[in-house]
Structures are given as structure tokens and as C-alpha cells.
1. Mind listing just one residue for me: the one in region 121-137 that is in contact with a Lys or Arg (Cβ under 9 Å, 6 or more places away or on another chain) and free of Cβ contacts under 8 Å to residues at least 60 places away in the same chain and, of those, nearest to residue 171 (Cα to Cα)?
2. Which condition breaks for residue 99 when tested against (1) surrounded by 21 or more Cβ atoms within 10 Å (Cβ to Cβ); (2) over 14 Å from residue 219 (Cβ atoms)?
3. Could you say whether any residue in region 163-172 is surrounded by fewer than 16 Cβ atoms within 10 Å (Cβ to Cβ) and aliphatic (A, V, I, L, M)?
4. Given the criteria touching a residue at least 24 places away in the same chain (Cβ under 8 Å), open to solvent by 40 Å² or more (accessible area, probe 1.4 Å) and under 17 Å from the mean Cα position of the chain (by Cα), does residue 143 qualify?
5. Please work out which residue is least open to solvent (accessible area, probe 1.4 Å), limiting yourself to region 206-230 and to residues that are in contact with a Pro (Cβ under 7 Å, 6 or more places away or on another chain) and more than 18 Å from residue 192 (Cα to Cα).
6. Condition first: aliphatic (A, V, I, L, M) and either outside any loop (DSSP other than H, G, I, E, B) or crowded, with 22+ Cβ neighbours inside 10 Å (or both). Now tell me which residues in region 41-68 satisfy that.
7. What pairs come up if the first residue lies in region 226-237 and is hydroxyl-bearing (Ser, Thr, Tyr), the second is open to solvent by 60 Å² or more (accessible area, probe 1.4 Å), and their beta carbons are under 9 Å apart, counting only those six or more places apart or on different chains?
Amino acid sequence: MTEILFVHGALVRDGAWWWNEVAEQVRDATGVSSRAVLLPSCGEGPAGYDGSGLHEDAAALRDALDGSDSAIVVGHSYGGTVIAQGADHPAVAHLLYITSYLPDVGQSQGDIVGAEPDPVSIAVGDDGTLHVDGYDAASFGARFWHDVADKRVRAEAWQRVTRQSVAAFGTPTTAAAWQGRESTYLVCADDRSTSLALQRFHASRATHAVELPTSHHPFLSRPDLVAEQLQRILASF
């Protein structure tokens, strides 16, 4: 049976929490189960922050795929770069991108977002990690999840913002696993983080594109819309 593998974005942890509402809605409607991939570059591996970067994140995705007969892989933001590096696997049935990236071979996450007209402020720590710089809960929320009405969810999301290895942003991809695979891109029209121009450029590389009227985190503000797209993909098999 097909399952869903979720790959979260940069500078956050606890992937299962971010995807929980979408996962529950899809499971209730279809019976399809899901898993969230732990990203070592965000300190989610057993070794904590050990310098792991893009390659280790991609290896974590491949390990998850090794345990699957068939999977829809969902990547949010930086998760798309992890997919490019790690989703060249026979178990992949469909790729779903949410305000994300389909990079060419040789591009790094830093290359992609560095050209944005209003990039998110990120600083380098003494420990080889990056962290968001100059934001508090209110200002970060206003940029990333301004359409999330539930104050509890907004607070819990802020608590899960974390450090991430520099190697996640600075390592060029050596693969482009999206090429030649069926894929869907969800453009988030009210995203205040990833520009519409950048989203639409990467969406043009996907097989299908759908526009949602949401912020950078539609799985928090409109999980029903994300679940609807996953159900549509499942019905196509």
C-alpha cells in the first residue's frame, strides 16, 4: 500500500507535529498512513548537531524509502532540496512540493534563496549552525504563518524553530530526483517568505501546479486544502 513521507522545511524540528493535521485528515478519509522524516541537519538524528547537512538529510529520506513499497514524498520549502538529492528511489510514486524548490544539479539551498528580493534574516553561530536572526514570536509569525488563527498553534510553531547546520544550506546538490517523475507543486499565493516569482519558476518544473490562498505553512492554516491534494494524488494511482 502507498504511504506518505513528509519532509519538513529549514530551521524547524519535530516534523510529525507540523504535518499532524494533514496526516490525520488523509488517514481518516483514505486509510493511508504517513511518516515524517527526521532531518539530522536540524539536530533530529541520534547524534544531535554533529555537522550533518544536505547529504545526511537525503540519506535519512532514502532510509525511509527503503522501508516503503510505494510512497508519495511531500517536501515543504527546504524539503524540496532534500527530495532532489534523496528521492531517486524505486518506491517513489509521486512528489508533492509545497512552496518549495526543484533545484538543478549543482545548486545549493543557499544559491536558491540567496537571490530572493527580501530574504529571511539568518545568522551563523560559532557552532557551525544557522539560526533566524532578529525575529521574535510575533514578527516571525507575521512572516511565516500570519493566516493561522489558533494562537496555541502559532505559539507551538515558534517553539519548534531551531538551529540548522550550515552544510544544509551550503552543499550543492549532486542529483535532481524530480526529473522524469510525476510531481505536483502547491503555490502558496499569500506566502511572505518565498516569493511568488520563485515559487512559480519551480512550479513550472513540476508536472502539475495548484495555487492555494495561503501563507508559507498551509498545513497549519488550511490542512484541508493540502489533504485534498494528497487525496487527489492517491486517487490517481
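1. Of everything passing the filter in region 121-137, 125 is nearest to residue 171 (Cα to Cα).
2. The single condition residue 99 does not satisfy is (2).
3. So far as region 163-172 goes, no, none of its residues is surrounded by fewer than 16 Cβ atoms within 10 Å (Cβ to Cβ) and aliphatic (A, V, I, L, M).
4. Working: touching a residue at least 24 places away in the same chain (Cβ under 8 Å): yes; open to solvent by 40 Å² or more (accessible area, probe 1.4 Å): no; under 17 Å from the mean Cα position of the chain (by Cα): yes.
No.
5. Residues of region 206-230 in contact with a Pro (Cβ under 7 Å, 6 or more places away or on another chain): 212, 225-226.
Those still in the list that are more than 18 Å from residue 192 (Cα to Cα) too: 225-226.
Details: 225: 29, 226: 0 Å².
Result: 226.
6. Narrowing region 41-68 to residues aliphatic (A, V, I, L, M): 47, 54, 58-61, 64-65.
Hits for region 41-68 are 54, 58, 59, 60, 61, 64, 65.
7. Cβ pairs passing all conditions: 236/182.
To keep it simple, each residue is scored yes or no on (1) touching a Pro at 6+ places or on another chain (Cβ under 8 Å); (2) modelled with pLDDT of 95 or more; (3) on the phi > 0 side of the Ramachandran plot; (4) surrounded by 19 or more Cβ atoms within 10 Å (Cβ to Cβ).
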| site | (1), (2), (3), (4) |
| --- | --- |
| 73 | no, yes, no, yes |
| 126 | no, no, no, no |
| 132 | no, yes, no, yes |
| 137 | no, yes, no, no |
| 175 | no, yes, no, no |
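The values are calculated or read from the model by the stated rules, or taken from the named source; none is laboratory data. Because the structure is predicted, anything quoted here is derived from the model rather than measured. Neighbour counts run over all protein chains shown; Cβ positions are idealised from the backbone, glycine included. Calculation scope for accessible area: heavy atoms of the full protein, side chains included, ligands and nucleic acids excluded. Shrake-Rupley method; radii C 1.70, N 1.55, O 1.52, S 1.80 Å.
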